[in-house]
Amino acid sequence: MLNEKVSGLLNEQINKEFYSAYLYLDISNYYYNEGLDGFGNWFRVQAQEERDHAMLFLQYMQNNGVKITLNQIQGPDIEYTSHKLPLDEALKHEQYITASINDIYEEALKIRDYRTTQFLDWFVKEQGEEEKNSEDLIKKYELFGTDAKSLYMLNSELATRVYAAPSLILD
Ligand code: OFO
């Protein structure tokens, strides 16, 4: 059995990961509407990854016999006033998720719950990658996004991203 506080934070994280999926779907929809289907594809794949993350938290709790409460998922309420704004929002959101995972890690560490810290190790690494991906996308947009021809090429590059199942398998 997991400690009550750690379980509560893990439960909240399920909701946060599903919200991440919602946010990225919202961003994806925005780009599709703008005719930037490569950007739309990139964020749709991102949304699929976030859904996987939520399912991993859920499965970890289930594997440890913890009762799960599925709370309401909020809809994103952001007005995308420029093509760049969603990229900044995505990075901000990843930083928020990193902090949230670090908080669970810290709590688990305090009570020597190494089973949970070991589970979270994968997410700590994943968040490092996700923040870097977000930053790279912003850099690319700043370099190429303002020129129509290079924006077209960047959009084509992002259209090639394909979904891959997470490397973390829980049994
Ligand atoms: Fe769930 O990894 Fe991003 O937020």
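The values are calculated or read from the model by the stated rules, or taken from the named source; none is laboratory data. Keep in mind that what you see is a predicted model, and the values were worked out from it rather than measured. Cβ sites come from the backbone with ideal geometry, for glycine too, and all protein chains shown count toward neighbours. These accessible areas exclude ligands, DNA and RNA; they are computed on the full protein's heavy atoms, side chains included. Shrake-Rupley method; radii C 1.70, N 1.55, O 1.52, S 1.80 Å.
Label points 7 Å out from Cα along the Cβ direction at Asp103 and Asn71: separation in nm?
The modelled label-to-label distance comes out at 1.0 nm.
Could you please report the charge total around Val45, scoring K, R as +1 and D, E as -1 over all other residues with beta-carbon less than 14 angstrom from its beta-carbon? Don't jump to the answer; show the numbers that get you there.
Working: positive: Arg44, Arg51, Arg161; negative: Asp37, Glu49, Glu50, Asp52, Glu129, Glu130, Glu157.
Once all neighbours under 14 Å are counted, the net charge is -4.
When N is the residue count of the range 54-171, what does its C-alpha Rg come to as a fraction of 2.2 N^0.38 Å? Numbers along the way, then the final one.
On the way: Rg = 17.9 Å, N = 118, 2.2 N^0.38 = 13.5 Å.
In units of the globular-protein estimate, the range 54-171 measures up at 1.33.
Exceeding 27 Å between C-alpha atoms, which entries from my cross-link table qualify? They are Lys5/Lys132; Lys5/Lys84; Lys16/Lys84.
On the way: Lys5/Lys132 30 Å; Lys5/Lys84 38 Å; Lys16/Lys84 23 Å.
Over 27 Å apart, Cα to Cα: Lys5/Lys132; Lys5/Lys84.
Could you do me a favour and compute the accessible area per residue for the chain, 1.4 Å probe, result in Å²?
Working: 9540 Å² over 171 residues.
Roughly 56 Å² per residue, with all protein chains present.
Starting from the Cα of Asp147, step 7 Å along the direction of its Cβ; do the same at Glu135; then give the gap between the two resulting points in nm.
2.5
Ignoring ligands, DNA and RNA, please state the percent of accessible area on the range 4-158 from carbon and sulfur, probe 1.4 Å. Before the final figure, lay out each step's value.
Numbers: 4110 of 8220 Å².
Carbon-and-sulfur percentage of accessible area, whole number: 50.
Connecting C-alpha atoms closer than 10 Å in a GNM of the chain, tell me which of Arg51, Arg112, Arg161 has the biggest fluctuation.
Comparing Arg51, Arg112, Arg161 in a Gaussian network model of the chain, the most mobile one is Arg112.
When the helices in the chain are scored as -39500 (n - 2.57) per DSSP H run of 4 or longer and the sum is shared across all residues, what 222 nm value do you end up with, to the nearest 500 deg cm²/dmol? Walk me through the intermediate numbers first.
Numbers: 5 runs with 125 residues, N = 171.
About -26000 deg cm²/dmol.
Using 7 Å Cα-to-Cβ label points, what is the Lys92/Gln48 separation (nm, one decimal)?
Going by the 7 Å Cα→Cβ label model, 2.8 nm.
Checking understanding here: applying a Kyte-Doolittle mean of at least -0.5 and a length along the axis of at least 27 Å (C-alpha), which whole DSSP H helices in the chain pass? Don't jump to the answer; show the numbers that get you there.
Working: long enough: 4-33 (44 Å, -0.56); 37-63 (38 Å, -0.84); 85-110 (38 Å, -0.41); 114-144 (44 Å, -1.17).
What comes out of the filter, once short or polar helices are dropped, is 85-110.
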